[in-house]
Amino acid sequence: MEYFYNNLREIEGKLANDPQRNTKTTTNTRCILVSGPVIVGAGPSGLAVAACLKEKGVPSMILERSNCIASLWQLKTYDRLRLHLPKKFCELPLMPFPQDFPMYPTKRQFIEYLEDYARKFDIKPLFNQTVEKAEFDQTLGFWRVRTSTTCSTSGRGTNEKGSIGGEEEVVFTTEYVCRWLVVATGENAEVVMPELEGLKEFGKQVVHTSSYKSGETFRGKRVLVVGSGNSGMEVCLDLCHHNAMPSIVVRDTEREMFSEQDGLPRRPFPNGWKGESGLYAVGFTKRGLLGASMDAKKIAADIGQFWNSESRHLTTFDRSH
Ligand SMILES: Cc1cc2nc3c(=O)[nH]c(=O)nc-3n(C[C@H](O)[C@H](O)[C@H](O)COP(=O)(O)OP(=O)(O)OC[C@H]3O[C@@H](n4cnc5c(N)ncnc54)[C@H](O)[C@@H]3O)c2cc1C
C-alpha cells in the first residue's frame with residue numbers, strides 16, 4: 001500500500017507541473033482515490049450501471065459534465081418528444097415505469113422517472129465535471145481520470161464550458177484514481193454536423209435537432225430536414241403540425257439508427273461492453289435503453305464478482321492543495 005501512495009504522490013507532483021494543464025489561474029489541484037468504479041456520464045446508462053452496482057454492494061462515483069442528470073433529455077431535445085419505443089423496452093434495470101404512465105411516456109415523464117430512479121438508488125453524481133482525459137497507469141495498475149471545473153472568482157457559479165461572461169476564471173483540476181472505469185458518455189451526446197457543400201453560402205438558418213424545440217418558429221416556411229432517423233421523422237411531423245412546409249432527404253435505404261459510425265466499441269453487440277484493464281462501455285449498442293440496461297447488468301455483475309471476492313477495499317480520500 002505504501003508503494004501505491006508513493007505513486008499517488010508522484011501523480012500529484014506531475015499534475016502540479018504539467019505544462020498541458022490550463023495555464024489560467026489554476027489554484028487547486030486535487031487527487032482523489034475512488035474505491036469503486038468511476039462512471040463517466042449521468043445519462044440513463046450511467047444511472048443504470050450505478051444502480052446495478054449498488055445492488056451488488058459496490059459503491060461508485062459518477063462524473064457528469066452538465067449540471068443535471070439525463071442532460072440530453074433535459075437540455076437537448078424537442079418539446080413534442082415521447083419515447084420512440086413502448087415503455088417496457090425502455091425501463092432501466094431494477095425499477096419499472098409507473099403503471100399509470102402511457103405506453104409511450106412523454107419526455108417530462110421519462111425525466112421524472114430518471115429522477116425517481118436516481119433518488120431510489122441514492123445516486124448523486126458530481127456535476128460540472130468534464131472528463132478531459134482518462135489513461136491507464138501501467139505502473140500503478142489504476143485508471144487516472146482527469147476533470148476540470150471552472151469557477152468565477154466572485155463565486156457566482158460554474159458552467160460546463162468554463163466561460164463566465166466577463167469574469168475572471170479559475171480552473172480546478174482533479175484527478176480521480178480508480179481501478180475500474182465505465183464510459184457512459186452516450187452515442188448522441190455530441191452534436192455531429194456534416195460538412196455540406198454550399199452551406200456557408202446558404203445564408204439562412206441551419207439548426208441541429210439538439211437545438212430544435214418546436215416548429216413554431218418555422219410556421220409558413222420551407223424547411224429541409226436532413227436525415228430520416230427517429231428525430232428527423234419526428235421533427236418533420238412537428239413542422240407539419242405547425243404549418244411549415246418540410247421536405248426530408250434520405251441518404252440510403254438503411255435506417256440511420258442502425259448504420260455504423262466511428263467511435264463506437266469495435267466489438268459488435270452483445271460483446272462491446274468490456275475492454276481491457278477494467279475498462280467498460282455502456283450505452284453504445286445502438287439498441288437504445290434496452291441495450292444500455294443489458295450492458296449495465298453485465299458490467300455490475302463483472303465488477304461485483306471481483307469486488308465481493310476482495311476482503312479489503314481501498315479507502316476513499318481527498319486531498320486539496
Ligand atoms: C431524441 C432522442 C430520442 C430517443 N428515444 C429513445 C427511445 O424512445 N427509446 C430508446 O431506447 N432510446 C432512445 N434514444 C436513444 C438513447 O436511448 C438515448 O439517447 C439515451 O439518452 C442514451 O443514454 P446514455 O446514458 O447512453 O447517453 P446520454 O443520454 O447521451 O448521456 C450521456 C451523458 O454523458 C455526459 N458526458 C458526455 N461526455 C462527457 C465527459 N467527457 N465528461 C463527463 N460527462 C460527459 C453527457 O453530458 C450526458 O449527460 C433516443 C435518443 C434521442 C437523441
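A short reminder: the numbers here are calculations on the coordinates, not readings from a lab. As the structure is a prediction and not an experimental result, all values here were calculated from the model. A quick note on method: Cβ atoms are made from the backbone with ideal geometry, for glycine too, and the neighbour counts reach across all protein chains shown.
For segment 199-249, the relative contact order comes to 41 percent (Cα pairs under 8 Å, sequence separation of at least 6).
Across the cross-link table entries K124/K298; K124/K204; K88/K274; K124/K274, which are compared at the Cα atoms, the separations over 32 Å belong to K124/K204.
Judged by the mean number of other Cβ atoms found within 10 Å, the most tightly packed of the peptides 178-190, 194-206 leads the ranking 178-190, 194-206. Label separation (V207 vs Q305): 4.9 nm, computed from points 7 Å beyond Cα along the C-beta direction. If we count every other residue with Cβ under 14 angstrom of P105's Cβ, Lys/Arg +1 and Asp/Glu -1, where does the sum land? With Lys, Arg at +1 and Asp, Glu at -1, the neighbours total +1. Between the amide H of K274 and those of A281, distances stay under 5 Å, these residues lying 5 or more places away or on another chain, with hydrogens modeled in the peptide plane.
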